[in-house]
Amino acid sequence: MERKSGRISAAVVELAGRYLKLREITPARYASMKYPKLLPVMRFFVHQYEAEHFGNIMTMDTRAMGGMMKLSTIVLTPNGGKRLPFLLIDTMEMKKKSLAYVEYYDCTKDGAALPGADAQQEEFGGILDYAEKPAWYVERRTPYSLIKGGEGVVMEELDDMVMTCVKRYFEAMGNAEADEKNLVGLKAFQQDMCTLGNPSTDTMTKVLGADGAREFFENVIMPVRA
């Protein structure tokens, strides 16, 4: 099957290539998946990159409901020890509803350094906030995380917000020092994501089974060597 990338996923990878040396390392068995196998209602297209001096970048684009629902997940894991937050981005388009989650999780030893991020809530205050369901990981996010969208929100406006945040993140890399001790918290959060659950692991458990989903998460979505 032809490999596919969503619009926002491709844009983030292209931008990453301006700042980092990327090498695609996508395992063939994960590149294109479907669920259920016989009469699939969901299709997944995965790309994984090793980013020199940073860590891991993963994109997963999902098509469901005959293409009526489009989801993109972008994960930036600083498993090189950089003093940066773990960054998880989810976007969704379905009929008149558009969403974008820009979730930062500070797992560093002394606090992540991300200049300009503290002003993001005000910067994007004109975009409707989205009321999500309670979950254990919500309280772990940094205050500058953005959960935006809803009926009538324009996807292009959300895309611009995502790209601004990602560009800010990449620009912070150059001055972010690396410390192996930052991996301790990152590894702990990885394990929490697997054991406590999140939307990605819940979905992939249906596709790959519990053990397969954990392997996929630990090796492709959010690999951490600690």
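Nothing in this text is a laboratory measurement; each read-out follows from the coordinates by a stated rule. For clarity, every value in this text was computed on a predicted model and none was experimentally measured. All Cβ positions, even for glycine, are placed from backbone atoms using ideal geometry, and neighbour counts span all protein chains on display.
Numbers below:
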item	result
Most fluctuating residue given options Val102, Val153, Val46, as computed from a GNM of the chain linking Cα atoms under 10 Å	Val153
Those lysines that a straight Cα-Cα span of less than 21 Å connects to Lys187, excepting residues fewer than 8 apart in one chain	Lys82, Lys109
Net charge, Gly116 excluded, C-beta distance under 13 Å - Lys, Arg +1, Asp, Glu -1	-2
Test item: Cα-centred dipole of segment 137-226, Lys/Arg +1 and Asp/Glu -1 on Cβ, debye	260
For peptides 158-171, 30-43, sequence by mean Cβ density within 10 Å, most packed first	158-171, 30-43
Cα gyration tensor category, rounded, prolate or oblate, for segment 134-182 with a/c compared to 1.5	oblate
Whole-angstrom gap from segment 105-149 to segment 158-173, using each part's C-alpha centre	13
Farthest toward positive dipole pole in segment 148-219 [+1 Lys/Arg, -1 Asp/Glu at C-beta], among Ala178, Gln190, Ser200	Gln190
Cα-centred dipole magnitude for the chain, charges only on beta-carbon of K, R (+1) and D, E (-1), debye, nearest 20	860
Pair Glu215, Arg29: separation of 7 Å Cα→Cβ label points (nm)	0.4
Restraint check, Lys70/Lys181; Lys21/Lys97; Lys133/Lys206, Cα-Cα greater than 31 Å	Lys70/Lys181; Lys21/Lys97
Per-residue [θ]222 nm for the chain (sum of -39500 (n - 2.57) over DSSP H runs n ≥ 4, rounded to 500)	-10000 deg cm²/dmol
Packing-based order for 134-145, 10-21, using average beta carbon neighbours within 10 Å, highest first	10-21, 134-145
